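Here is the structure we will look at.
The values are calculated or read from the model by the stated rules, or taken from the named source; none is laboratory data. From a predicted model like this one, the values you see are computed outputs, not experimental measurements. Note that we place each Cβ from the backbone using ideal geometry, even for glycine, and neighbour counts take in every protein chain shown.
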């Protein structure tokens, strides 16, 4: 099929756009021509139309097994119905072994880079399509909250501090200033998946150059508690991890007395969404949500402390 299209473009956010003052709509969006891709699909589209016309004339449901086509390129509205027609196979049940195995020598070698005082640290971030603040880009990870548990020395009493934005103003300037105070200038900053935290800190340093030196010094002290739990490292292992090294999977095995299940917010995506609603709430609901957000992030860093202690005791 031939087309007389002169051009065909998709308009999307330009990830390189950085807001400074009022939004510049022309710079915020970027047009990308997809004419070549559209033209190459003309015959495919024409055939699909013909096939679907035949399909809707059928008197019975097509006999086609469920597969990847049910979800790609997008989820089918009939997936739940088709799924209900599939007879479930009998599954063998296996008791999971909660026995935790620690390769102590490997753990001591790995954790030798952890230097006291230990700072167990976790960010929560939010992404705005249209940048809400200066020095931010479309869908940039904006840290709005952190939790920090500190062990000044082995067996010391835990110290906790936290930061949470107000849901209205740019949370980053005040977060940066408190974070620099809280984290000091020495000791290891322990995270679960340090790539995320290091990336966020580096971006803060790029956006707020007055704090670049202090933030990059913090960036360079970040270490990762997660790798020893990866199946391919297996420094700490349990069948009950079910091959996962997510903290949500590791915690109930390592520290069953701690749980996210009694929290109003139980995962980061919900925390991000709810923070975006914070400014819309009445005072009582506002304070309750702040409490829920603080409790969730607090659990993330407390979980790391308790997991670390369990492995140290092994």
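Observations on the model:
- Any hit, the stretch 227-241, residues being out of contact with any helix residue (DSSP H, G or I) (no Cβ under 6 Å at 6 or more places or on another chain), within 27 Å of residue 165 (Cβ to Cβ) and either surrounded by fewer than 15 Cβ atoms within 10 Å (Cβ to Cβ) or not assigned by TED's automatic domain parsing to the domain that holds residue 107 (or both): no
- Test for residue 302: is it touching a residue at least 40 places away in the same chain (Cβ under 8 Å), in the same structural domain as residue 166 (by TED's automatic domain parsing), at negative phi and outside any helix (DSSP H, G or I): no
- Scan of the stretch 62-103 for residues that are modelled with pLDDT under 85, part of a loop (DSSP other than H, G, I, E, B), out of contact with any helix residue (DSSP H, G or I) (no Cβ under 8 Å at 6 or more places or on another chain) and surrounded by 10 or more Cβ atoms within 10 Å (Cβ to Cβ), ordered by number: 75, 78
- Residue check for residue 310: part of a helix (DSSP H, G or I) and either in contact (Cβ under 8 Å) with a residue 40 or more places away in the chain or under 27 Å from residue 167 (Cα atoms) (or both): yes
- Residues that are free of Cβ contacts under 8 Å to residues at least 60 places away in the same chain, part of a helix (DSSP H, G or I) and under 14 Å from residue 192 (Cβ atoms) within the stretch 242-261 comprise 248, 249, 250, 251, listed in sequence order.
- Identity of the residue in the stretch 186-206, out of contact with any helix residue (DSSP H, G or I) (no Cβ under 7 Å at 6 or more places or on another chain) and assigned to a helix (DSSP H, G or I), that ends up surrounded by the most Cβ atoms within 10 Å (Cβ to Cβ): 197
- Taking the listed residues 50, 31, the one that is in contact with a strand residue (DSSP E or B) (Cβ under 7 Å, 6 or more places away or on another chain), at pLDDT 85 or above and farther than 30 Å from residue 238 by Cα is 31, with no other qualifying.
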